[in-house]
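The values are calculated or read from the model by the stated rules, or taken from the named source; none is laboratory data. Keep in mind the model is a prediction, meaning the values are calculated, not measured. Glycine also receives a Cβ, built like all others from the backbone with ideal geometry; neighbour counts cover every protein chain displayed. The protein model used for the area step is the full one, side chains on, heavy atoms only, and it has no ligands, DNA or RNA in it. Shrake-Rupley method; radii C 1.70, N 1.55, O 1.52, S 1.80 Å.
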Amino acid sequence: MDSPAPMTDQTSSAPRAAWWLRACGRVLEPWLTIRREPQDVRAVIDAAKPVIYVTERYGLSDTLILEQACREAGLPEPLQPLQLGALRRPRSMFALARRAGWLYRRARPRTHSQTLAQLLDALRADPQLDAQLVPVSIFVGRAPDRQSGWFRVLFSENWVVVGRFRRLLALLLNGRTTIVQFAPPVHVRETLDAERDVPLERTLRKISRVLRAHFRRVRAQVIGPDLSHRRTVVDALLNSEPVRAAIEATASKDGTSFDQARKRARDFAWEIAADYSHPVVRSVSFLLTSFWNKLYDGIAVHHFDKARAAATGHEVVYVPCHRSHADYLLLSYQLYQSGLVVPHIAAGVNLNLPVLGPLLRRGGAFFMRRSFKGNALYAVVFKEYMAQLIDRGAPMEYFIEGTRSRTGRTLAPRFGLLSMTLRAFLRAPRRPVLFQPVYIGYEKLMEGKSYIGELSGQPKEKESWFALIRGVRGVLRQHYGHVALNFGEPIELTPLLDAASPDWRQASSDPDAKPEWLNGLLDQLGEKILVNINRATDVNPVNLLALAILSTPKHAMAEADLLAQLDLVKALLTAMPYSDRVTVTPLAPADIIAYGERMGWIGRIKHPLGDVLTCDGQNAVLLSYFRNNVLHLIAAAAWVACCFLNNRRVARETILRLGRMIYPFIQAELFLPWDEDGFTERMDAIIEFFVERGLLAHVDEGRILAREPGQSDSAFQLRTIAHSMLQAFERYYIAIAALVRNGPNTLSGPELENLCTLTAQRLSLLHELNAPEFFDKSLFRGFIQKLRERRVIWPDQNGKLEFDAALEDIVRDAKVILSREIRHGILKLTPERRDALAVQDKPATD
């Protein structure tokens, strides 16, 4: 490998380094492959000032690795003698810590480097001198490759200071996966000038402390915090004040002894706690590389560099969307391969199976029960465990949706783990917390068929070894295309706390207090996380095909029409980006169709007048999942297009007025990022885009918008975009029609949910709608809740829902987007309360 041109040699007249060191370096060189971070180190180092490298620990191997890394980067060599004023040292480097002894490495009691002390003396004596300290972190065996052997796992990098023989084995086995991280330099002169009146001894301690903190932070970021043994973690849990108090309360309440209650708490702690193991993580990474290569064509990662830069100095909580069981492994695997530590992952206790559970624990999983109700001791132990993870600086990962999405939509947040994170930080706000949203996008799901069954009313299959083995066998027979991991815009917790309550630091002194602003902050944080996940969406070919082909009555399109529709949607997403973190497939429309055929999503019917692309019934249901992944990206466009389904001409003011009226409900369902004014601007921009594409035309100086006749190509394209969101508007109409038909003070919230679900189920059967989420009770529940929040409806003293005449106005306005046939069909199918089954007698299938 060609090395860059070297920087100016700071000691060109000095004698060369000892020949034996260079000889050792030449012997070691064939065993090393070094990855420098950053790649262009010279960009951050001042070539005019002497460079002195600082390593965390002294070792011959680290010295030789640093020498080779600097030589390859064209940096001044650390083995060159250092001559700086009166200071003379044999090398231009030093270590913060040294270990004495040859066979047994004993720690020296010294608290700082002698070289650093002499350097500060020399620079304080001569104000004209300056130097820059470059901290360098070295990790041997951190990032495995496909050729890594099993034996090498035992000698991967960790927190233990190993002996010379073990280090030699690590170099021989893992030297080709060595990482050398160069930090920005510390300019010593600037530090001395800033502390001119401070005793030199204090400055020395300060610089040493800063360097030690830096090395600990980098090591924790790369290989994870030192969480010691699981037994130590459990003992610390049991000895904490909140757990001890809970043990005493449980013993008193249940009439048992303290020791019996403590044993229960210990059992809970052992059930919960992870048992993180670097060798196991490296071994699993080795296995997963082959597994992913068999299942997927590739894993694309976007915006990771931004996430990595933001994570520095923070306690990072990864909050990805939850689409598949593969989410756990994919994110952890990619973080590890990219040089970051695997986070501790909150997993359901249903995955704590024999053999599998201990393996997941050693990979960082900690287990939680579905419900804490009725078990106060378990709740306290779990919350304290979360608090200790945050206090120790361990990165975490959990899914705030609470469960895997069966419909492809982003689910409403559940606040349990989020609340525990906030309260743990309030109790000990030592290290700022940063939430990192992650979007995970698939082209085919392992669980697709089981999701359809669950949405159709089949019970969820319980996790077991039999189900796991059967599932793996089925998975290995299929191909799943590409996967994308998009890192969204991170969210810092401290600014949100400052905005919610400027004096939150004083409130944090009482660990049991629940500030009145906490619930509001949780709502805001949960919504912001989901909004930022959606703002990092990856649009793959399957998403685009689903948007187009599912919007036709029989899920079939002429090839020419499908090509035009794919081109239109890609142009819309590109010309009017949803956010700067959304990524769109680079494939051309023809390549997207060919890819969909190869993946088995669509089929081709040859015809002399032009081929037709079709999607069969089961694939149509599965494709609805991938359409729902990206509905939020075209929600504004779909609303504008819906206004022209039954009208050739519509006033611009009507589109905007009705859009503002319906936006709160779309926003709550799809977690859109705008306020009402922002959505209005988005609709205006969409209208102009449609005009530029020839789908709409200005009439009457732009006050009226018109489309072409219904049989035209442009009208077909508008109709196809509109149908992607039409079912959502039909659901809204079902709920409102049920209220109006039954009248005020008649239905309770649960009864209204049940009526809506029954109506949607029947409508789906009559019209053969291949979208199980159409009658998803949670979507009706969210819409009804939003109606209550906006005071469109409200409960009376008996819990029955009241409403005023404004609701009937909404029913009248529905004729703008819903045809007479659809409206009358829904009104005909909507039962009155006395005709429907009572909620408590026979609840609708969830």
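Looking across the range 332-377, the residues that are under 20 Å from THR403 (Cβ atoms) and of a type in the set (Phe, Trp, Tyr) come down to PHE366, PHE367, PHE372. Residues of the range 293-306 being part of a helix (DSSP H, G or I) and open to solvent by 10 Å² or more (accessible area, probe 1.4 Å), which ones? Correct list: ASN293, LYS294, PHE304, ASP305, LYS306.
Scanning the range 463-485 for residues that are at pLDDT below 80 and open to solvent by less than 80 Å² (accessible area, probe 1.4 Å) yields GLU463, SER464, ALA467, LEU468, GLY471, VAL472, GLY474, VAL475, LEU476.
As for the range 359-371, it holds at least one residue that is surrounded by fewer than 23 Cβ atoms within 10 Å (Cβ to Cβ) and free of Cβ contacts under 8 Å to residues at least 12 places away in the same chain.
Tally time: how many residues in the range 674-699 are closer than 12 Å to VAL640 by Cα and charged (D, E, K, R)? Of the residues in the range 674-699, 3 are closer than 12 Å to VAL640 by Cα and charged (D, E, K, R). Please go through the range 15-37 and pick out each residue that is within 27 Å of VAL186 (Cβ to Cβ) and either assigned to a helix (DSSP H, G or I) or open to solvent by 50 Å² or more (accessible area, probe 1.4 Å) (or both). If the condition is that a residue be within 27 Å of VAL186 (Cβ to Cβ) and either assigned to a helix (DSSP H, G or I) or open to solvent by 50 Å² or more (accessible area, probe 1.4 Å) (or both), then LEU21, GLY25, ARG35 are the ones that fit.
Answer yes or no as to whether GLU730 is of a type outside the set (Val, Ile, Thr), closer than 30 Å to PRO413 by Cβ, part of a helix (DSSP H, G or I) and at pLDDT below 95. It is true that GLU730 is of a type outside the set (Val, Ile, Thr), closer than 30 Å to PRO413 by Cβ, part of a helix (DSSP H, G or I) and at pLDDT below 95. Residues that are open to solvent by 40 Å² or more (accessible area, probe 1.4 Å) and of a type in the set (Lys, Arg) within the range 543-593 comprise just one, LYS554. Within the range 257-269, residues that are closer than 15 Å to ARG231 by Cβ and in a helix (DSSP H, G or I) reach no partner that is open to solvent by 70 Å² or more (accessible area, probe 1.4 Å) and acidic (Asp, Glu) with beta carbons closer than 7 Å at six or more positions or on different chains. Exactly one residue out of ASP254, ASP275 is touching a residue at least 12 places away in the same chain (Cβ under 8 Å), among the charged types (D, E, K, R), touching a helix residue (DSSP H, G or I) at 6+ places or on another chain (Cβ under 8 Å) and open to solvent by 20 Å² or more (accessible area, probe 1.4 Å), and it is ASP275. Residues in the range 38-65 that are closer than 15 Å to PRO185 by Cβ and either open to solvent by less than 20 Å² (accessible area, probe 1.4 Å) or at pLDDT 85 or above (or both): 9 in all. State yes or no: is LEU434 part of a helix (DSSP H, G or I), closer than 25 Å to PHE304 by Cα and modelled with pLDDT of 80 or more? No. Out of ARG212, ARG202, ARG219, one residue alone is in a helix (DSSP H, G or I), of a type in the set (Lys, Arg), within 28 Å of the chain's Cα centre (by Cα) and closer than 30 Å to SER113 by Cα. It is ARG219. Exactly one residue out of ARG719, ARG649, ARG703, ARG731 is open to solvent by 30 Å² or more (accessible area, probe 1.4 Å), under 36 Å from the mean Cα position of the chain (by Cα) and basic (Lys, Arg), and it is ARG719. Among the residues of the range 362-388, those that are touching a Phe, Trp or Tyr at 6+ places or on another chain (Cβ under 8 Å) and either of a type outside the set (Phe, Trp, Tyr) or in a helix (DSSP H, G or I) (or both) comprise ARG362, GLY363, GLY364, ALA365, MET368, ARG369, LEU377, TYR378, ALA379, VAL381, PHE382, TYR385.
Every residue, every condition in (1) within 15 Å of ILE440 (Cα to Cα); (2) under 13 Å from the mean Cα position of the chain (by Cα); (3) open to solvent by less than 10 Å² (accessible area, probe 1.4 Å), yes or no:
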{"residue": "ALA310", "(1), (2), (3)": "no, no, no"}
{"residue": "HIS314", "(1), (2), (3)": "no, no, no"}
{"residue": "VAL319", "(1), (2), (3)": "yes, yes, yes"}
{"residue": "TYR333", "(1), (2), (3)": "yes, no, no"}
{"residue": "ARG392", "(1), (2), (3)": "no, no, no"}
{"residue": "PRO395", "(1), (2), (3)": "no, yes, no"}
{"residue": "TYR398", "(1), (2), (3)": "yes, yes, yes"}
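Each row is one residue, and each column tells you yes or no for (1) modelled with pLDDT under 90; (2) out of contact with any Ser or Thr (no Cβ under 9 Å at 6 or more places or on another chain); (3) within 30 Å of VAL542 (Cβ to Cβ); (4) among the small types (Gly, Ala, Ser).
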position	(1), (2), (3), (4)
LEU377	no, no, no, no
VAL381	no, yes, no, no
ASP391	yes, yes, no, no
THR403	yes, yes, yes, no
LEU411	no, no, yes, no
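Residue-wise test of (1) of a type in the set (S, T, N, Q); (2) surrounded by 13 or more Cβ atoms within 10 Å (Cβ to Cβ); (3) at pLDDT below 80.
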site	(1), (2), (3)
ALA424	no, yes, no
GLY441	no, yes, no
GLY453	no, yes, yes
PHE487	no, yes, no
LEU496	no, yes, no
ALA500	no, yes, no
ASP503	no, no, no
LYS514	no, no, yes
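Tell me, which residue of the range 208-235 that is modelled with pLDDT of 80 or more and open to solvent by 90 Å² or more (accessible area, probe 1.4 Å) is farthest from LEU32 (Cα to Cα)? Out of the qualifying residues, it is ARG209. Per the listing ARG244, ARG205, ARG264, ARG189, the residue uniquely open to solvent by 40 Å² or more (accessible area, probe 1.4 Å), under 27 Å from MET93 (Cβ atoms) and not polar (S, T, N, Q) is ARG205.
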